[in-house]
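Read the structure below first, then the notes.
Where a number appears in this text, it was derived from the coordinates with a stated rule and is not lab data. On a predicted model such as this, the values are computed, not experimentally measured, just so you know. Glycine also receives a Cβ, built like all others from the backbone with ideal geometry; neighbour counts cover every protein chain displayed.
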């Protein structure tokens, strides 16, 4: 089966769907109208589905012959950004924008669903369609898993549009995206007059020392081959110049790949905070909030996905790009079944589709949609028919 040829039959419909979704973006776990629209598309195709989570959907394309089950995932949420792309189909929902391309992801999966439904009499096994809410808050994948969306799945595949030249892709085994934690540190002391700091217990100085020593936790305790990024994005302390600050608070973003490295940083970061608190005779509280885990492509599934991509994109189109320190909640599916995640190019300088996701001028080269839809469908077909 050659889906890069078959996609020509549905390309116009994929673009129509993408533009409708782009005009009508909704924030994470508020995608009620988006859910209704996807349900309408699935109803037209006769694809059964269940509502899961808050606004997610799980669809089922069952072939005429028994076999394995492969899941294909698309995220559906948008971002709180005022759109400045200038596109004629710009957001009608002021302050909300599909600036990460999830409108395209959803349209591509619906395009793949159309093609696979058309050949389901020859399909062996089941294609599970995961239309996932709330990727931007890293909560949607776990909702689908909790509600049984991955039950019985043998392999899972997903993709993300990236500023790679249209017609090229990145499918590489191993770590591809970072895990992410948010760490909250609160120092508490005793306020007092600035003229008599010895009668108070300042928190600004120990908090500042904490910041300056933070990256030494990486250089002295972590293998240099295991990347970690620590960013102090927020530092709040004090109320007035002549008042010794009773509280100082830090919000820190942490990106990592390996779980062992993550544990080391958590431990040493707490040690540093507690050590400074002891020296300055104050107290400290460290709260670690897990956002998402790192994404690690399964070697076997990635190999299958690369062979599939050659059918769709052609030979020598895999850029094998660097690991991204951004994060995704796709890896939660990988805890349930082996999987792979591809980066697919939408960059076209002539069309000014050059911006990285989350930019207010973000847009895609719509020629990329046919590649993504065909990639989804071809992966599902080849996995079910050739991987036994």
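Roughly how many Å is it from the Cα centre of segment 91-111 to that of segment 324-369, as a whole number?
Cα centroid to Cα centroid, the span is 12 Å.
Quick one, can you get me the convex hull of the C-alpha atoms of segment 58-208 expressed as volume per residue in Å³?
Numbers: hull volume 34.8 nm³, N = 151.
Once divided by residue count, the hull of segment 58-208 is 231 Å³.
Just report the Cα centroid separation between segment 154-198 and segment 262-300, whole Å.
For segment 154-198 versus segment 262-300, the Cα centre distance is 13 Å.
State log₁₀ I(q)/I(0) for segment 179-292 at q = 0.13, 0.23, 0.24 Å⁻¹ as given by the Debye formula over alpha-carbon point scatterers of equal weight, solvent excluded.
Each listed q maps to, in turn, -0.50, -1.22, -1.30.
If I model a spin label at residue 211 and residue 151 as a point 7 Å from the Cα along the Cα→Cβ vector, what separation in nanometres do I get?
The modelled label-to-label distance comes out at 5.0 nm.
Angle check, please: helix 259-279 long axis (alpha carbons) against the longest principal axis of the chain (alpha carbons), in degrees 0 to 90, nearest 10.
20
Along the Cα-to-Cβ line of residue 60, 7 Å from the Cα, sits a label point; which residues in segment 145-165 have backbone N less than 13 Å from it?
Under cut-off, by backbone N: 148-153.
By count of other Cβ within 10 Å, fewest leading, how are 201, 13, 349 ordered? Walk me through the intermediate numbers first.
Numbers: 201 20, 13 15, 349 9.
Going from sparsest to densest Cβ surroundings: 349, 13, 201.
Taking the Kirkwood radius as the inverse of the mean 1/r across Cα pairs, report the Rg/Rh of segment 318-388.
Numbers: Rg = 15.0 Å, Rh = 14.7 Å.
Dividing the radius of gyration by the Kirkwood radius yields 1.02.
Multiply the residue gap between residue 165 and residue 283 by 0.36 nm, knock off their C-alpha separation, and tell me the result in nm, one decimal place.
On the way: separation 118, 0.36 × 118 = 42.48 nm, distance 5.21 nm.
The residue 165-residue 283 span can extend by a further 37.3 nm.
Applying 1/(1 + (r/R0)^6) with R0 = 30 Å to the Cβ-Cβ distance of residue 68 and residue 5, what FRET efficiency is obtained, to the nearest 0.05?
Working: r = 25 Å, r/R0 = 0.83.
So, using R0 = 30 Å, E works out to roughly 0.75.
Would you please give the FRET efficiency between residue 253 and residue 19, computed as 1/(1 + (r/R0)^6) with r the Cβ-Cβ distance and R0 = 30 Å, to the nearest 0.05? Intermediate values should be presented prior to the final figure.
Values: r = 34 Å, r/R0 = 1.13.
According to the calculation, E is roughly 0.35.
Sort 104-114, 77-87 by packing, meaning the average of other beta carbons within 10 Å per residue, with the highest value first.
Values: 104-114: 27.5, 77-87: 18.2.
Going by the mean number of other Cβ atoms within 10 Å, highest first, we get 104-114, 77-87.
Does the chain classify as rounded, prolate or oblate by the C-alpha gyration tensor (a ≥ b ≥ c root eigenvalues; a/c under 1.5 gives rounded; else a/b over b/c gives prolate, otherwise oblate)?
Working: a/c = 2.37, a/b = 2.00, b/c = 1.19.
Taking the square roots of the gyration eigenvalues as a ≥ b ≥ c, the chain is prolate.
Would you mind computing, in nm to one decimal, how far apart the modelled labels at residue 196 and residue 221 are, each placed 7 Å from Cα along Cα→Cβ?
Computed distance between label sites residue 196 and residue 221 equals 3.8 nm.
Return the distance in nm (one decimal) between the two label points of a simple spin-label model at residue 51 and residue 234, each offset 7 Å from Cα along Cα→Cβ.
For the pair residue 51/residue 234, the computed spacing is 3.3 nm.
With angles folded into 0 to 90 degrees, how steeply does helix 102-118 sit against the dominant principal axis of the chain? Use alpha carbons for both and round to 10.
Taking Cα atoms only, the helix is inclined about 30 degrees.
Using only Cα atoms, tell me the angle between helix 368-386 and the longest principal axis of the chain; keep it within 0 to 90° and round to the nearest 10.
70
If one computes the Cα centroid of segment 204-256 and of segment 30-89, what distance in Å separates the two points?
40
Per 5 Å bin, what percent of the C-alpha pairs of segment 249-342 does each bin hold, from zero upward?
2, 10, 16, 17, 14, 11, 9, 7, 5, 4, 3, 2, 1, 0
Taking the DSSP beta bridges in the chain as the whole, what percent of them are antiparallel, to the nearest 5? Before the final figure, lay out each step's value.
Working: 48 of 70 bridges.
Bridges in the chain that DSSP calls antiparallel: roughly 70 percent.
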